[in-house]
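**Q** Got a structure here, written out as structure tokens. Questions coming.
The values are calculated or read from the model by the stated rules, or taken from the named source; none is laboratory data. Here the structure is a predicted model, which is why all the values come from computation and not from measurement. Cβ: placed from backbone, ideal geometry, glycine included. Neighbour counts: every protein chain shown.
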Amino acid sequence: MLRSLVLGLGLSSTALACGGCTGTGDVEMVRRARLIQPRMQPDAIPATTGPKGPLPWGQLTFAHTSDTHGWLMGHVKEENYGADWGDYVSFIRHMRYKARKLGVDFLVVDSGDLHDGSGLSDATVKLGGVNGEVSLPIFQNLDYDLLTIGNHELYVADVAFDVFENFAKFYRSRYLTSNVQIMDPKDGKFKYIGRTHKYFTTYFGVRIMAFGVLFDFTSNANNSKIIKAKDMVQQQWFLDAINTSDPIDLFLVLGHNSVRSSTSTFPVIREAIRKVHPNTPIQFFGGHSHTRDFKVYDNSSTALEPGRYCETLGWLALSGIEAGNGKHKPAGVPNPDRPAVNGTTSYLSYARRYIDWNRLSFEYHSDNVRTFDTPRGESVTDEVWNERQRLNLTSLYGCAPQTYCLSCAPQTSELSIYPLVQKALSAVIVNEERKDIARMIFVNTGGFRFDIVKGRFTYDDSFIVAPFTNAFQYIPNVPYAAAAKLLDLLNNGAPQKRDMDREHRSFLPRSVDACPLDGAQFNSGLVKRKTIIRRQEIVTPGYTTKDDFGTDGDDTPHSNIPYFRATNDIVAEGGFPTDGSTPETVDVVFYDFIRSYVLTALAKAGENYTTADVEYYLPPSFTSNDFLPEYAKRFWSKDC
């Protein structure tokens, strides 16, 4: 049946195999084949814009993920990123086979943050389980070569222990946590969650020393311990590893670390290695800042970061290491051809690419459409769908009348998510016993993680948009004169975002992709989008990345999406006098997560309160994850 449909579209079986795909024409063949052989999740949208050309392959080639945050179902509402974890499993299987045929080493790595971000990872908590108990076993269907830990594995004691007891034991020596320990309840002693390091030889003979380093994180649960990088590099095990008598051809450092921020500890690791190995290549793979980025440290030391949320697969090809018998210039494919430092001569050459996470990209680069889906990949796709149904993640709360974006429009714009959040807070966050008392509700913008997309707003979206479970607390009867100063004081104070400080956020425009707003919403002139015709192909809005190698890293060219910053906090009001007057006192309501910031700001406003003055405004079971769904149920249509 499939063959007859293919021939009916004018595609030969050879075309479907896409052996030696070279550009736009082959992408179109793959796209047309996708129309008759859909996989992904049943509700996902196929991509319409494909890669610009084949991927580079080098002596060592890497596929790199980070900050997946449970998005194993892919982005079912966004065509650029619609592949699911089963599609990725199939893709990696094909790429491993292709690497072996090309005569090169291929390593698959991940830089952590597997929790907090989608219903697939987070919904189990509301059922009395542990965050990640469904998503991590699905994740484990991918045969990673090396992985490391992220800060979102460490906020909650039960999650940290689950990672130690199950996830780390599954990946064994491949899971590297060089500076992260946990207290083992069996004996009360702190132990490394994974291994501190790994020395191994690749299939084609490159000898590698690998580490996995978390940035100097301080908000971890008390059953875990993070050793600062400056202390880690002085520990005997690290000194023994870098001074080993075994030959090292390459240092490979995985890290949940921004590759560019001043808070990154990669420079500390690099400096320690360079004291002993001044010329040995060091390759870093970062994460945490949710950006596509490539950073050059020196002529034999670079760092790749692959973005967030299963939107991007990072790709790095490296050649020139004087070891092993792998091919430095594999035939029939592009090869790395740039030194790390532009204008210099080096024995090493590099190439990087940022691949959009969709089936069109994966099939094109695998040179295989007709038989792309492997048995395991299909099984994982089915498992993801079945778990989404079992957890009721597709259950409808209401129909969003438009897309509300996190950063593609000014914070006060009707296109932004924040005016909607303020409206929802005013309507939903009401203590019935105090509903006639004026209230000011303060929340931090860092608690919102993604856009609300026009159409179905589901149980899954409640985790995608606002995954954290902050309770609503308050201080009653605060003088209005002081409360009115709070917003400015909070926004001029310390950053409050749970996982990315303001400095990390300053790098986000390097690789901007925001909301998929439709054209009608951009007629206001406030923010305008353009589509670009490229070789008779539509260029859709998406990531436009600038890194140390320039602007040619995006595998699929896109038109730019605007980026606007948000303040630390926003405020919503309710119960104010209808005549427009100001009350003498108000209830100051806030997330428990920002309680200390609110108390500090009130002190600056001349009102000294302590934690003893703080009460729950609503039952602690009703959290920041609940008010948007409640608003959708009350005020949005269910006819999408």
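**Q** So which residues in region 209-236 are loosely packed, with under 14 Cβ neighbours inside 10 Å and either of a type in the set (Asp, Glu) or closer than 23 Å to Leu107 by Cβ (or both)?
**A** Hit for region 209-236 is Asp231, nothing else.
**Q** Right, next: What's the total number of residues in region 260-287 that are under 19 Å from Ile208 (Cβ atoms), out of contact with any His (no Cβ under 9 Å at 6 or more places or on another chain) and assigned to a loop (DSSP other than H, G, I, E, B)?
**A** Quick first cut of region 260-287, residues under 19 Å from Ile208 (Cβ atoms) only: 266, 269-270, 272-274, 276-286.
Then drop every residue that is not out of contact with any His (no Cβ under 9 Å at 6 or more places or on another chain), which leaves 266, 269-270, 272-274, 276-284.
Keeping just the survivors that are assigned to a loop (DSSP other than H, G, I, E, B) gives 277-281.
Summing the residues that are under 19 Å from Ile208 (Cβ atoms), out of contact with any His (no Cβ under 9 Å at 6 or more places or on another chain) and assigned to a loop (DSSP other than H, G, I, E, B) in region 260-287 gives 5.
**Q** State yes or no: is Thr544 at pLDDT 95 or above, within 22 Å of the chain's Cα centre (by Cα) and of a type in the set (Ser, Thr, Tyr)?
**A** yes
**Q** So Arg634 clears everything in (1) surrounded by fewer than 16 Cβ atoms within 10 Å (Cβ to Cβ); (2) touching a helix residue (DSSP H, G or I) at 6+ places or on another chain (Cβ under 8 Å); (3) assigned to a loop (DSSP other than H, G, I, E, B) except one condition, right? Which one?
**A** (3)
**Q** Within region 459-486, how many residues are charged (D, E, K, R) and either in a helix (DSSP H, G or I) or crowded, with 20+ Cβ neighbours inside 10 Å (or both)?
**A** 2
**Q** I'd like the full set of residues that are surrounded by 24 or more Cβ atoms within 10 Å (Cβ to Cβ) and part of a helix (DSSP H, G or I), limited to region 114-138. Outline the logic, then answer.
**A** Quick first cut of region 114-138, residues surrounded by 24 or more Cβ atoms within 10 Å (Cβ to Cβ) only: 114-123, 131-132, 134-135.
If the condition is that a residue be surrounded by 24 or more Cβ atoms within 10 Å (Cβ to Cβ) and part of a helix (DSSP H, G or I), then Gly119, Leu120, Ser121, Asp122, Ala123, Ser135 are the ones that fit.
**Q** Would you pick out the residues in region 366-408 that are under 17 Å from Lys454 (Cβ atoms), in contact with a Cys (Cβ under 8 Å, 6 or more places away or on another chain) and of a type outside the set (Ser, Thr, Tyr)?
**A** Of everything in region 366-408, those that are under 17 Å from Lys454 (Cβ atoms), in contact with a Cys (Cβ under 8 Å, 6 or more places away or on another chain) and of a type outside the set (Ser, Thr, Tyr) turn out to be Leu396, Cys399, Cys405, Leu406, Cys408.
**Q** Considering only region 88-107, state which residues are buried (at least 20 other Cβ atoms within 10 Å of the Cβ) and not in a helix (DSSP H, G or I).
**A** Within region 88-107, Val104, Asp105, Phe106, Leu107 meet the criteria.
**Q** Among the listed residues Asp67, Asp145, which satisfies the condition of being more than 20 Å from Ile182 (Cα to Cα), in the same structural domain as Asp373 (by TED's automatic domain parsing) and surrounded by fewer than 23 Cβ atoms within 10 Å (Cβ to Cβ)?
**A** Just a single option satisfies the conditions, and that option is Asp145.
**Q** Of the numbered conditions (1) assigned to a strand (DSSP E or B); (2) touching a helix residue (DSSP H, G or I) at 6+ places or on another chain (Cβ under 8 Å), Arg456 fails exactly one; give the number of that condition.
**A** (2)
**Q** Only residues that are touching a Lys or Arg at 6+ places or on another chain (Cβ under 6 Å) and under 17 Å from Phe284 (Cβ atoms): list them for region 315-346, please.
**A** Trp315, Leu316
**Q** Could you check how many residues of region 600-618 are surrounded by fewer than 19 Cβ atoms within 10 Å (Cβ to Cβ), touching a residue at least 12 places away in the same chain (Cβ under 8 Å) and out of contact with any Leu (no Cβ under 9 Å at 6 or more places or on another chain)?
**A** 3
**Q** When residues of region 117-149 are filtered for being in contact with a helix residue (DSSP H, G or I) (Cβ under 8 Å, 6 or more places away or on another chain) and farther than 16 Å from Thr65 by Cα, how many remain?
**A** The qualifying residues number 11.
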